[in-house]
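Notes follow the structure.
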Amino acid sequence: MRKALREVIRADLPAAHFGLGIVIVASVIVGLLVDPVAGALVAGAFTALFLVALVVMFLRGIRGLDARRRAYLFAFGWANWV
């Protein structure tokens, strides 16, 4: 059961790249339509999410490229469900 659930919610790199693209486009649109500060806040929120996930990976003992990949997937892998 747990393995099946993990497969369903698993994110991959293309989906994470797409999620990053969505964040960039949304930040630019919000920056143009609302206020540049609001666009920076959108981008900053996702940057903070990535950095927190990266710190958690380091605290769990995961280092190097694997830690960055896992944090990236956590922060932007939600694009699977868009």
Checklist entry - Of the residues in segment 39-65, how many are part of a helix (DSSP H, G or I), surrounded by fewer than 14 Cβ atoms within 10 Å (Cβ to Cβ) and over 15 Å from the mean Cα position of the chain (by Cα)? => result 4
Checklist entry - Looking at this structure, is V23 over 11 Å from the mean Cα position of the chain (by Cα) and at pLDDT 95 or above? => result no
Next on the checklist: I'd like to verify a number: residues in segment 15-38 that are in a helix (DSSP H, G or I) and over 22 Å from R69 (Cα atoms), how many?
Outcome noted: 11
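The values are calculated or read from the model by the stated rules, or taken from the named source; none is laboratory data. Bear in mind the structure is a predicted one, so any value in this text is a computation, not a measurement. Cβ: placed from backbone, ideal geometry, glycine included. Neighbour counts: every protein chain shown.
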